[in-house]
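Right, one structure below, let's go through it.
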Protein chains: 2
Amino acid sequence: MSTIKDIAKKAGVSPTTVANVLHGKTNKVSPATSKKVQAIIDSENYAPNMGAMILVRNNSRIIGVIMFMKPRQGESVLEDPFSSAILGAMEQEIRMNGYYMMLCITSDENEVVRLSKAWKMEGLILVWVPGTICRIINQSIDTPLVYIDCYFTDEDHLYHNIGLQDREGGQEIARYLVAMGHRSLMFLANNVNVLGGDPQRFFGCQEVFLEHGLQLEDSSFCPLPDNRKDRSRFYRTLVEQNFPYTALVFSSDYLAAEALTYFKEHGIEVPDQISITGFDDNMYSRLVTPRITTIHQDSREKGRLAICMLMKLLHNEEVENPNILLPVKLVIRESVKDLRS
Amino acid sequence: MSTIKDIAKKAGVSPTTVANVLHGKTNKVSPATSKKVQAIIDSENYAPNMGAMILVRNNSRIIGVIMFMKPRQGESVLEDPFSSAILGAMEQEIRMNGYYMMLCITSDENEVVRLSKAWKMEGLILVWVPGTICRIINQSIDTPLVYIDCYFTDEDHLYHNIGLQDREGGQEIARYLVAMGHRSLMFLANNVNVLGGDPQRFFGCQEVFLEHGLQLEDSSFCPLPDNRKDRSRFYRTLVEQNFPYTALVFSSDYLAAEALTYFKEHGIEVPDQISITGFDDNMYSRLVTPRITTIHQDSREKGRLAICMLMKLLHNEEVENPNILLPVKLVIRESVKDLRS
DNA sequence: CTGTTAGCGCATTCAA
DNA sequence: TTGAATGCGCTAACAG
């Protein structure tokens, strides 16, 4: 609760002197005074009032982390370990760089803009924002912005993004499925954003099918519902339809594992009756039996790189590559049936 | 970027009038002026400067969420779905109540105190804080504090806490194991804090063993290492020792599932060679095969209740029960061997 | 109903 | 080397 003024009074010096000590301007204060003042600062457990800081410096050392998602009832995006791994990595980096993290899960771009202005945020990390909204946000906010896993729809702005070779990921999956004798698949997206990574992954699948003279209809792209109950219902209809496809390509391990478990509990054999693939290569794909064939990506690294890039922007350092696409790698396990025999 | 002054100038009124419009004090402003001013506020996309707000009101509408944990290398607490479920629920509640959430993962109580002072936080949620540190924090911070899953070591303060019937949970597990013919167990804690829920769960086990005339040595309580690699090493030594116990009682599904998967990958049959139990009843226990027998708890509800309690404290409403202990329930699945035959 | 003003805590400029 | 004064944006008390 003590202010610079309080400290100054106690030390018998002026507020300026205290400020100078606080900021380590040793050349402006005599060693003796400095020591004396520092002692009082420590004993009082002085902490600067960030409100005053914001006012006077017009910035706050706050990094806003926006998970661009509709709030769901009874379930949080964070429950997908993919998100929480990113978030955990960012929290660590932000704190280590001496910044503060404000977390907000919303899909209201106006709220994002308000937030960033009101708090004089120094920068924002934006996760899974649809391209059209990226445009609005980049127009409305003039602090550094780093996106994660976004695809942009215009060339008007220079966007900074940490993404993934989504298309290549889809290709890898499709290539593997085709090699295993599959001729049809259904793509289960975790996200209704039409311009995110999910469609890219699907396009990758389509390309490979085309290369092999096979067809993959647009209608095979199927966004899953936001909440668990509706997804269960959806899985049931798949079972009832007796799987018109030989493989279900999920856009996350989280969903793949959930579905696989549902199927097992309902007497469906994976991969005998239906093949399943995932995406992310996190714990979920390794935990289930059969373990899920999936695409590996380093989600912690995504978070870390995002903050690194943001820090460079904050320090006006040059960012060599504003759109980093992390590599993917196929991880073959046991959830895909070999149809060639 | 526009301030109240800017708006006032544009509208040809005084800053006070603008402030009155902003605060909905309709009785102090004529409808005509109000409309005119409101229009400009909207068109300018005005957002208040929270720095000035902090300064003048001496509070910030920030809720600090502290996950009291040493930062781990290459892994975040958040990767345990238990933490992320709590976090997700809190984020939602905080935002819905018109507050802001600042997230910090640290085990440095001084950092916590500094943070809360610097930002004039209105309240804090503190997760998994050792009792001795709760004491220090309660002494140093005079805003409302709500703990999650903490056990306190003194009666000097009134602590607010959302906890769990940890001891009962341990009892349930032990009762079931004993009923299944088990006469020894090893308790694998996820946490080195000696005064948290893990020891309570273990005490619960001890009590039940005692009731049955069995002994459960203190040395059966075994905290697991913080990082995945060391845990793998630990699991290996268990395998090499050929399991001196018939059951491994884990203090989280996350760890139980991890261990179970390790064992399976190394040719150990669960539950034939070793029985395993978990704690939490989240996705992890349902995903693996065999599914893990565990103790159910509602982690989202923990987060929600914590914020509710904090809001009551903030509004000076009465909190009927300052230490809510959520109920537990045994969920029997297939990871425990029946030793009675 | 509307305007003026002081002061919140800090950094910064200028003066001593 | 130190001190005094100013202003950041806002609220609230007071004056008109």
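For A:Q38 and A:N58, a Förster radius of 22 Å and the Cβ-Cβ distance give a FRET efficiency of 0.20, rounded to the nearest 0.05.
About the centre of its Cα atoms, region B:166-297 shows a dipole size close to 320 debye [charges on the beta carbon of Lys, Arg (+1) and Asp, Glu (-1) only; nearest 20 debye]. Local charge sum around B:H182 (other residues, Cβ-Cβ under 11 Å, Lys/Arg +1, Asp/Glu -1)? Here the charged neighbours net out to +3. Here chain B carries DSSP beta bridges of which approximately 10% are antiparallel, counting only pairs with both residues inside. The region of chain B that goes longest without hitting one of the GluC sites (Glu not before Pro) in a DSSP loop, each with at most 15 other Cβ atoms within 10 Å, is B:1-154. The modelled label-to-label distance for the pair A:H266/B:N321, using points 7 Å beyond Cα in the direction of Cβ, is 3.8 nm. Across region B:185-288, Cα pairs under 8 Å and at least six residues apart give a relative contact order of 30 percent.
The charge dipole of chain B, taken about its Cα centre with unit charges on the Cβ atoms of Lys, Arg (+1), Asp and Glu (-1) only, comes to about 1600 debye.
Between the beta carbons of A:Q273 and A:Q73, assuming R0 = 35 Å, the FRET efficiency works out to 0.65 to the nearest 0.05.
Of the residues B:V146, B:M121, B:Q73, the one whose Cα sits farthest towards the positive end of the charge dipole of chain B is B:M121 (charges of +1 on Lys and Arg Cβ, -1 on Asp and Glu Cβ, taken about the Cα centre). Relative contact order of region B:144-187: 30 percent, from C-alpha pairs under 8 Å at least 6 residues apart in sequence.
Label-point spacing for A:G213 across the identical copies (point 7 Å from Cα in the Cβ direction), in nm and ascending order: 7.9. For the pair region B:1-49 and region A:1-51, the centres of their Cα atoms are 39 angstrom apart. When B:H212, B:H182 are sorted by how many other C-beta atoms sit within 10 angstrom of their C-beta, beginning with the fewest, the order is B:H212, B:H182. Could you calculate the FRET efficiency of B:N110 with A:C222 from 1/(1 + (r/R0)^6), where r is the beta carbon distance between them and R0 is 60 Å, rounded to 0.05? Given R0 = 60 Å and the Cβ-Cβ separation, E is 0.70. Between identical copies, the spacing of A:S184 label points, each set 7 Å from Cα toward the C-beta atom, reads 5.7 nm from nearest to farthest.
Taken as Cα centroids, region A:141-162 and region B:131-200 sit 45 Å apart, rounded to the nearest whole angstrom. Listed by Cβ neighbour count within 10 Å, with the fewest neighbours leading, B:K5, A:K329, A:K302, A:K10 appear as B:K5, A:K329, A:K10, A:K302. Ellipticity at 222 nm from helices only: DSSP H runs of n ≥ 4 in the protein assembly as shown, each -39500 (n - 2.57), divided by the residue count, give -13500 deg cm²/dmol. Label-to-label distance, B:T26 versus B:A179, with points set 7 angstrom from Cα along the beta-carbon direction: 6.2 nm.
Among B:S116, A:S285, a tally of other beta-carbon atoms within 10 Å of each Cβ gives an order, fewest to most, of B:S116, A:S285.
Label-point spacing at A:H266 relative to the other copies reads 3.7 nm, in ascending order, each point sitting 7 Å out from Cα along Cα→Cβ.
No lab work stands behind these numbers, since they all come straight from the coordinates. In this text, all values refer to a predicted model and were calculated from it rather than measured experimentally. Heads up, the Cβs are rebuilt from the backbone with ideal geometry, glycines too, and the neighbour counts pull from every protein chain shown.
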